[in-house]
Amino acid sequence: MRQPIADITPETKAAEITGWVHEIRDLGGLAFYVIRDRTGIIQATIVKKKAPEAVLEAAKAVSRESVVRIAGPVKAVDKAPGGRELIPETFELIARAETPLPLDVAEKVPAELDTRLDSRYLDTRRPRIAAIFQIRSTVMHAVADLLYREGFISIQTPKVVAAATEGGTELFPIAYFEKEAFLNQSPQLYKQMMMAAGFEKVFEIGPIFRAEEHNTVRHLNEATSIDVEVSFADHEDVMALLERLMKNAYEAVFERCAPQLETLGVALDIPETPFPRITYAEAIDIAAPRIEEDLRFGDDLGTAAEKAIGEEMGSHYFVVDWPTAIKPYYAMPYENNPELCRAFDMMHPRMELSSGAQRVHLHDLLVEQIRAKGLSPESFEFYLQPFRYGMPPHAGWGLGAERVVMTMLDLANIREAVLFPRDRHRLTP
RNA sequence: GCCCAGGUAGUGUAGAGGCCUAUCAUGUCGGCCUGUCACGCCGACGACUCGGAUUCGAAUUCCGACCUGGGCGCCA
């Protein structure tokens, strides 16, 4: 019976393992085969004078990264990795790896990200890369878990849509029989319609598509969005939810992924809640004297400004009370000061992670704001109609899953946080 | 969309007009090696993205194409 390699201890009597040949060190009369599965590595030691002929034959035929099955007694040996080694009685070559390998899994020679992504299936055999995705899985589990615990309903909305959500960002056009269609840039409008549908608390974790020709370490053309929408809630309520969710995700990783964090050399700091809140006006005041470019009230916070404020804040924080003019039409203006709205961004010092708002739930105001952005309400009719038949007040946000993982693990490039990234140039694998 | 940088063995690199039949490492193949853990030693194999131009001579300079990385804008 196959055993996970990590389960084999110096006390284990005998074991059968199946895994990949990580390294081969043939000293002549003695050979070491380092075998790896997803749980760890173990050394199989072959003493050529004593080993069965069939073992010698199979061992000679294997190449690095071949899949093998090895069974035999386990010996406690101090000088072996993990304090134990396996003495093969049987050694079976299950699937031979061709040579040369497209990249070095044992990491003696580095590989560029581009090379790694071309052979992602080999790249992910490297323990530190596998650790990233085990942690990502834990984050996604923790996120969904918290939302279910808090009574959210998971929804799935269309990714093929007829129109833009917000204007602004570019959409990927696709052929949809005789009609024009696009890939969805955000589930925003559908989440809101589910408020009219009476679901009260919904979330969706799914892909979003942005056809921007950006070429940076923090943008993807296909990203994973963690989206929530809550009825009878204001922006403060959903900011508090976002804080709970972030803290929960960090705690889950801290508790359940200690080996992976160690592999990555990451000392995880669980962010303290509540996150500090600064207003947009304060953000401008912090950034303006620290950056070269001219920055005034009403401008978007550019990369330089974000960086300057991030250095000042030091950890996660919210920027609140944005000018209505630079936020989407669905953000609710303050009644007593409609120049500002109940929108927020949740920031990590390195970059924006989330943006959200209390939404406009009043039909006429929404139409007015759509017009004010130069968009035509007619093309949003499917979205606007629910606002005429009892739309509750509501609020929500979207959180970039890759950015959470990237900032959590201090990855240099967002592509590291995606198995098969889609960027300006990459469409395969 | 604008701007910058870059394409050399499977992988990561050296190279700045003749010293290049191209460096080093890793890898692969063969040989030696009984405690390696980046095993060691000996030998072999394997590369200048493509096209054009300049030049006696181009990996190196110039032009174009293709491919790639990054910055900005915008955003998650």
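Can you report the number of residues in the range A:383-401 which are open to solvent by less than 10 Å² (accessible area, probe 1.4 Å) and in contact with a strand residue (DSSP E or B) (Cβ under 6 Å, 6 or more places away or on another chain)?
6
Among the residues in the range A:167-180, are any among the hydrophobic types (A, V, I, L, M, F, W, C) and in contact with a helix residue (DSSP H, G or I) (Cβ under 6 Å, 6 or more places away or on another chain)?
Scanning the range A:167-180 turns up no residue that is among the hydrophobic types (A, V, I, L, M, F, W, C) and in contact with a helix residue (DSSP H, G or I) (Cβ under 6 Å, 6 or more places away or on another chain).
Restricting the search to the range A:134-146, which residues are more than 19 Å from A:A223 (Cα to Cα) and either open to solvent by 60 Å² or more (accessible area, probe 1.4 Å) or within 16 Å of RNA strand B (Cβ to nearest atom) (or both)?
A:D145
Quick one: A:S186 ticks every box in (1) within 16 Å of RNA strand B (Cβ to nearest atom); (2) assigned to a strand (DSSP E or B); (3) more than 30 Å from A:T263 (Cβ to Cβ) bar one, so which box is it?
(2)
Return the total of residues in the range A:369-410 being part of a strand (DSSP E or B) and either among the aliphatic types (A, V, I, L, M) or touching a helix residue (DSSP H, G or I) at 6+ places or on another chain (Cβ under 8 Å) (or both).
Qualifying residue count for the region: 6.
Read through the list (1) modelled with pLDDT of 95 or more; (2) open to solvent by 20 Å² or more (accessible area, probe 1.4 Å); (3) of a type in the set (S, T, N, Q), then give the number of the only condition that A:S379 fails.
Unmet condition: (1).
With the structure loaded, tell me whether A:D285 is within 16 Å of RNA strand B (Cβ to nearest atom), farther than 28 Å from A:T124 by Cα and either modelled with pLDDT under 95 or of a type in the set (V, I, T) (or both) or whether it fails that test.
no
A:I41 is checked against (1) away from RNA strand B (no atom under 15 Å from the Cβ); (2) closer than 22 Å to A:A258 by Cβ; (3) open to solvent by 50 Å² or more (accessible area, probe 1.4 Å) and fails just one. What number does that condition carry?
A:I41 satisfies every listed condition except (1).
Of the residues in the range A:87-133, how many are hydrophobic (A, V, I, L, M, F, W, C), within 10 Å of RNA strand B (Cβ to nearest atom) and surrounded by fewer than 18 Cβ atoms within 10 Å (Cβ to Cβ)?
5
Hey, can you tell me all the residues within the range A:296-320 that are touching a Ser or Thr at 6+ places or on another chain (Cβ under 8 Å) and within 8 Å of RNA strand B (Cβ to nearest atom)?
Correct list: empty.
Restricting to the range A:314-346, and then to whatever is of a type in the set (F, W, Y) and assigned to a strand (DSSP E or B), can you tell me which residue is farthest from A:R359 (Cα to Cα)?
A:Y317
Sort through A:T273, A:T224, A:T216 and tell me the only one that's part of a loop (DSSP other than H, G, I, E, B), within 15 Å of RNA strand B (Cβ to nearest atom) and of a type in the set (S, T, Y).
A:T216
Out of all the residues in the range A:419-427, is one or more over 18 Å from A:T124 (Cα atoms) and in a helix (DSSP H, G or I)?
no
Filter the range A:227-246 down to the residues that are under 17 Å from the mean Cα position of the chain (by Cα) and part of a strand (DSSP E or B), then identify the one that is nearest to RNA strand B (Cβ to nearest atom).
A:D227
Which condition number in (1) open to solvent by less than 50 Å² (accessible area, probe 1.4 Å); (2) within 12 Å of RNA strand B (Cβ to nearest atom) is the one that A:E352 fails?
(1)
Exactly one of (1) over 16 Å from the mean Cα position of the chain (by Cα); (2) in a helix (DSSP H, G or I); (3) under 30 Å from A:P187 (Cα atoms) is unmet by A:E311. Its number?
Answer for A:E311: the failing condition is (3).
Just the residues that are in contact with a Leu (Cβ under 7 Å, 6 or more places away or on another chain) and under 27 Å from A:R128 (Cα atoms), please, taken from the range A:232-273.
Passing the criteria: A:L245, A:N248, A:Y250, A:V253, A:F254, A:L261, A:L264, A:V266, A:L268.
Can you name the number of the only condition in (1) away from RNA strand B (no atom under 16 Å from the Cβ); (2) in contact (Cβ under 8 Å) with a residue 40 or more places away in the chain; (3) open to solvent by 40 Å² or more (accessible area, probe 1.4 Å); (4) closer than 26 Å to A:K373 by Cβ that A:E150 fails?
Checking A:E150 against (1) away from RNA strand B (no atom under 16 Å from the Cβ); (2) in contact (Cβ under 8 Å) with a residue 40 or more places away in the chain; (3) open to solvent by 40 Å² or more (accessible area, probe 1.4 Å); (4) closer than 26 Å to A:K373 by Cβ, the one that fails is (4).
Just need a number here: residues in the range A:227-256 that are open to solvent by 30 Å² or more (accessible area, probe 1.4 Å) and within 13 Å of A:R359 (Cβ to Cβ).
Selection size over the range A:227-256: 3.
Please specify each residue of the range A:89-108 satisfying the condition of being over 18 Å from A:E65 (Cβ atoms) and of a type outside the set (D, E).
Across the range A:89-108, the qualifying residue is only A:T90.
Picking from A:R403, A:R359, A:R371, A:R424, which residue would you name as being more than 20 Å from the chain's Cα centre (by Cα), of a type in the set (K, R) and either at pLDDT 95 or above or not assigned by TED's automatic domain parsing to the domain that holds A:V230 (or both)?
Residue meeting the stated conditions: A:R359.
Would you please name the residue that is nearest to A:P100 (Cα to Cα), looking only at residues in the range A:44-86 that are within 36 Å of the chain's Cα centre (by Cα) and open to solvent by 70 Å² or more (accessible area, probe 1.4 Å)?
Here the residue is A:R64.
The values are calculated or read from the model by the stated rules, or taken from the named source; none is laboratory data. Only a predicted model underlies this, so the values are computations on that prediction, with no experimental measurement involved. Here Cβ is always computed from backbone atoms with ideal geometry, including for glycine, and neighbour counts include all displayed protein chains. Side chains are part of the model used for accessible areas, which takes the heavy atoms of the whole protein and leaves out ligands, DNA and RNA. Shrake-Rupley method; radii C 1.70, N 1.55, O 1.52, S 1.80 Å.
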